[in-house]
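Chemist: Structure below; questions to follow.
The values are calculated or read from the model by the stated rules, or taken from the named source; none is laboratory data. Quantities reported herein were computed from a predicted structural model and do not represent experimental measurements. All Cβ positions, glycine included, derive from the backbone under ideal geometry; neighbour counts span all protein chains shown.
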Protein chains: 2
Amino acid sequence: MPLRRPTQRDIAAATGLSQTAVSLVLRHGDVPAVSADARARILKAAQRLGYVPNRIAQNLQATRSHTLACIVPDITNPTYPAMVRGFQAVSQAAGYDVMIFDTDAQPERERQALNWLLQGHVDGVLASFFHIAEAELAGLVRRGTALVLIGRPARKTSTQIDRLYVDNAGAARAMTQALIAKKHRHIAMISHPLGPGAERCRGYRSAMKDAGLRTIDIPADGFVQDAGMRAMAEFLAQRPLCSAVFAANDLLAIGAMAAIRAVGLRIPQDIAVAGFDDIPAAALMYPALTTVHRSEPAMGRMAADMLIAQLDAHGAERPGRSIELPYQLVMRDSA
Amino acid sequence: MPLRRPTQRDIAAATGLSQTAVSLVLRHGDVPAVSADARARILKAAQRLGYVPNRIAQNLQATRSHTLACIVPDITNPTYPAMVRGFQAVSQAAGYDVMIFDTDAQPERERQALNWLLQGHVDGVLASFFHIAEAELAGLVRRGTALVLIGRPARKTSTQIDRLYVDNAGAARAMTQALIAKKHRHIAMISHPLGPGAERCRGYRSAMKDAGLRTIDIPADGFVQDAGMRAMAEFLAQRPLCSAVFAANDLLAIGAMAAIRAVGLRIPQDIAVAGFDDIPAAALMYPALTTVHRSEPAMGRMAADMLIAQLDAHGAERPGRSIELPYQLVMRDSA
DNA sequence: CTGAAAGCGCTTACAG
DNA sequence: CTGAAAGCGCTTACAG
């Protein structure tokens, strides 16, 4: 046992034919340039040696990696695996492998991801960056890497990058208005400034302002459950006037629910809670979490379609499409 | 804008030096074989052209991909992202990229994953297969791919594959005994025959048998929430005698809880529920789910360590280690 | 100090 | 029908 992959040269040596003939047969099967006899011998030897083409070599030759990447801030946030699933389904059906890169929403890890992309590992990438600015992506685009960005609509129409987003501000505004309609007057927002946090806060503020209500900001230091729990606990310790809390995502909301319960308050009677994302756990909480639903799998599928379209166009056209995806308010028992 | 990556040849052309010199400087920096002046010109040109080495070419040359893979049955089951995180942390710190492959627990998708591995994309792989038999992995091992399997202890000590597992049967047995200790006599088990399901059922059966109790099997057609809900609903429709349900994983348990509530029964007063995995949602359910905890991130980290050790040993030693990881029963309110 | 050469494993023109 | 040749972008001996 050679502990080495058999190559076309090995097959050529075994059959006494040229490596060219081996490549031709293995790649194109019944090719007129090789006799039926030679072909049979090649296929038999390939079978016997357990030959599988080295994809890395094929990729180098093709100057394409046949791989797409998905860059996400936190794969343990259930909203992302759902998206990844949809992305993989479409990508793999189209013959692309998928790599997932988790940045932990850290600036240096996002830089690392960007550098990794520049190294040519992938033909295209679906990215959700929290720190990397658009200008930094110019180099990537310039060398022909297909790119779809998640989560922020284009600032200027001039940019050449495809985008996929939900109206975070609009959705947050709608949810805030729904809370106001339920007679809440003291509505706080737990959020984190990064990623979609800013836009969601903006929507909340705009709804509060329109209703003549005062905003109450509860800053969290991340988008995870623990951050929500800590932020809410600290807030509650000040014995504030607050009948509802809107969290910038479901994990924060779930953490906040734990903090509320920990001080003996009831949800929604004492404090109502709403989240954002509609992760699977949201419907299963007690009380079930009111939240904003998006179709993450559809987002992933659409992103893959856009990347493949870009690659099929061979960089010929690069329209910089910005596609807005729908959302729905899901009013459950927590608010 | 060339829509093509700059290569070492481009830098050589720009500086009038040889491609060899460019490679030497870019790879080794201050190398005696190149003059300080030449080196400066090369670095400047590389900077100006935005040169980043093509990792695919480097990998072909090195006959190593510097990539590890994680093959999981369902990335949307929160138990796997937790493991992936630990795996990535160690892998990336050691200079390996990580690819994630989701098989959806389908036989054909697992075959696809195996074939993909054979194509040489990765140096090592952490795999959780439900269908692929060990014998089918021989080819992979023979060509030097490092391998760590999750979830099944070695049948024979002779196999040459590293393994990482928890004592599924023992844990299920312990949980069943805990339910029996709580005076439950009619304990059903919801499970699925694949993956860890069989072992967990075995533990359940052994505990029931020892206690002189009759087993009650509720077959599910997968390890997801919906499957748990359907299976439990169907079971409840028969108005069975049953005071506790043990589910082979948390997603099944959560689905079962929904089905129990749907027919107006209370948890745990009418039917107690226990799960397996301790996904983050388990602690947040109402009532909080009693379950079996494992440290998934530690499992991922350890797997990465084992793969890297195998690769560092250059296939010299391949001990076929089987490492058992600890588990803990987490008794919460649902049982 | 410098560059021509061979090679990683493949593909695809190009001569015979 | 068949094989020698060039090339994908790199690295590393090997001559000068």
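Chemist: For B:THR103, indicate whether it is within 16 Å of DNA strand C (Cβ to nearest atom) and more than 7 Å from every other protein chain (Cβ to nearest Cβ).
Modeler: no
Chemist: Another question, if that's okay. Does A:GLN88 satisfy being touching a strand residue (DSSP E or B) at 6+ places or on another chain (Cβ under 6 Å), under 30 Å from A:GLY197 (Cα atoms) and away from DNA strand D (no atom under 16 Å from the Cβ)?
Modeler: yes
Chemist: Name the single residue, out of those in region B:8-47 being of a type in the set (D, E, K, R) and closer than 28 Å to A:ALA62 by Cβ, that is nearest to the other protein chains (Cβ to nearest Cβ).
Modeler: Going through the qualifying residues, I end up with B:ASP10.
Chemist: Just for helices (runs of 4 or more DSSP H) wholly inside region B:1-50: which have at least 1 residues that are in contact with a Pro (Cβ under 7 Å, 6 or more places away or on another chain) and on the phi < 0 side of the Ramachandran plot? Don't jump to the end; show me each part of the working.
Modeler: Working: elements: B:8-15, B:19-28, B:36-49.
Counting at least 1 such residues, we get B:19-28, B:36-49.
Chemist: Shifting gears a bit: Does region B:246-268 include one or more residues that are surrounded by fewer than 24 Cβ atoms within 10 Å (Cβ to Cβ) and in contact (Cβ under 8 Å) with a residue 40 or more places away in the chain?
Modeler: Yes.
Chemist: In region B:47-58, is there at least one residue being away from DNA strand D (no atom under 13 Å from the Cβ), of a type in the set (Phe, Trp, Tyr) and within 30 Å of B:ILE308 (Cα to Cα)?
Modeler: No, because not a single residue in region B:47-58 is away from DNA strand D (no atom under 13 Å from the Cβ), of a type in the set (Phe, Trp, Tyr) and within 30 Å of B:ILE308 (Cα to Cα).
Chemist: For A:ALA12, all conditions in the list (1) touching a residue at least 24 places away in the same chain (Cβ under 8 Å); (2) more than 8 Å from DNA strand C (Cβ to nearest atom) hold save one; what is the number of the exception?
Modeler: For A:ALA12, the failing item is (1).
Chemist: Take A:LEU68 and tell me if it is in contact with a strand residue (DSSP E or B) (Cβ under 7 Å, 6 or more places away or on another chain) and more than 9 Å from DNA strand D (Cβ to nearest atom).
Modeler: Yes, satisfied.
Chemist: When only residues in region B:48-62 that are more than 8 Å from every other protein chain (Cβ to nearest Cβ) and within 16 Å of B:ALA14 (Cα to Cα) count, which is surrounded by the fewest Cβ atoms within 10 Å (Cβ to Cβ)?
Modeler: B:ARG48
Chemist: Taking into account only those residues within region B:86-99 that are at pLDDT 95 or above and within 12 Å of the chain's Cα centre (by Cα), which is surrounded by the fewest Cβ atoms within 10 Å (Cβ to Cβ)?
Modeler: B:GLY86
Chemist: Let me ask another. Which of the helices (runs of 4 or more DSSP H) contained wholly in region A:100-202 include at least 1 residues that are at pLDDT below 95 and among the charged types (D, E, K, R)?
Modeler: It comes to A:107-118, A:138-142.
Chemist: Now, a different point. Do we find a residue being surrounded by 19 or more Cβ atoms within 10 Å (Cβ to Cβ), within 21 Å of the chain's Cα centre (by Cα), under 23 Å from B:HIS131 (Cα atoms) and in contact (Cβ under 8 Å) with a residue 24 or more places away in the chain anywhere in region B:230-241?
Modeler: Within region B:230-241, none of the residues are surrounded by 19 or more Cβ atoms within 10 Å (Cβ to Cβ), within 21 Å of the chain's Cα centre (by Cα), under 23 Å from B:HIS131 (Cα atoms) and in contact (Cβ under 8 Å) with a residue 24 or more places away in the chain.
Chemist: Shifting gears a bit: Mind counting the residues in region B:280-303 that are in a strand (DSSP E or B) and more than 10 Å from chain A (Cβ to nearest Cβ)?
Modeler: Final tally of qualifying residues: 4.
Each row is one residue, and each column tells you yes or no for (1) polar (S, T, N, Q); (2) outside the structural domain of A:LEU140 (by TED's automatic domain parsing); (3) out of contact with any strand residue (DSSP E or B) (no Cβ under 6 Å at 6 or more places or on another chain); (4) surrounded by fewer than 17 Cβ atoms within 10 Å (Cβ to Cβ).
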{"residue": "A:ASP277", "(1), (2), (3), (4)": "no, yes, yes, no"}
{"residue": "A:ARG301", "(1), (2), (3), (4)": "no, no, yes, no"}
{"residue": "A:MET306", "(1), (2), (3), (4)": "no, no, no, no"}
{"residue": "A:GLN310", "(1), (2), (3), (4)": "yes, no, no, no"}
{"residue": "A:HIS314", "(1), (2), (3), (4)": "no, no, yes, yes"}
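Chemist: Just give me the residues in region B:111-129 being in contact (Cβ under 8 Å) with a residue 12 or more places away in the chain and within 20 Å of A:GLY86 (Cβ to Cβ), in sequence order.
Modeler: B:ALA113, B:TRP116
Chemist: Mind checking whether some residue in region B:71-91 is touching a residue at least 24 places away in the same chain (Cβ under 8 Å), closer than 19 Å to A:ALA113 by Cβ, assigned by TED's automatic domain parsing to the domain that holds B:THR145 and assigned to a strand (DSSP E or B)?
Modeler: No.
Chemist: Here is a follow-up. Which of the numbered conditions does B:ARG5 fail, given that it passes all the others? Conditions: (1) within 14 Å of DNA strand D (Cβ to nearest atom); (2) crowded, with 19+ Cβ neighbours inside 10 Å; (3) modelled with pLDDT of 90 or more.
Modeler: Status for B:ARG5: all satisfied but (3).
Chemist: Would it be correct to say that B:GLN112 is under 18 Å from the mean Cα position of the chain (by Cα) and more than 30 Å from A:ALA281 (Cα to Cα)? Working first, answer last.
Modeler: Details: under 18 Å from the mean Cα position of the chain (by Cα): yes; more than 30 Å from A:ALA281 (Cα to Cα): yes.
Yes: the conditions hold for B:GLN112.
Chemist: While we're looking at this one, here's another question. Restricted to region B:190-227, and to residues that are aliphatic (A, V, I, L, M) and within 23 Å of B:ALA127 (Cα to Cα), which residue is surrounded by the most Cβ atoms within 10 Å (Cβ to Cβ)?
Modeler: B:VAL224
Chemist: Right, another one. Looking only at residues that are under 15 Å from A:TYR286 (Cα atoms) and of a type in the set (D, E, K, R) in region B:252-279, which one is farthest from the other protein chains (Cβ to nearest Cβ)?
Modeler: Ranking the qualifying residues of region B:252-279, first place goes to B:ARG266.
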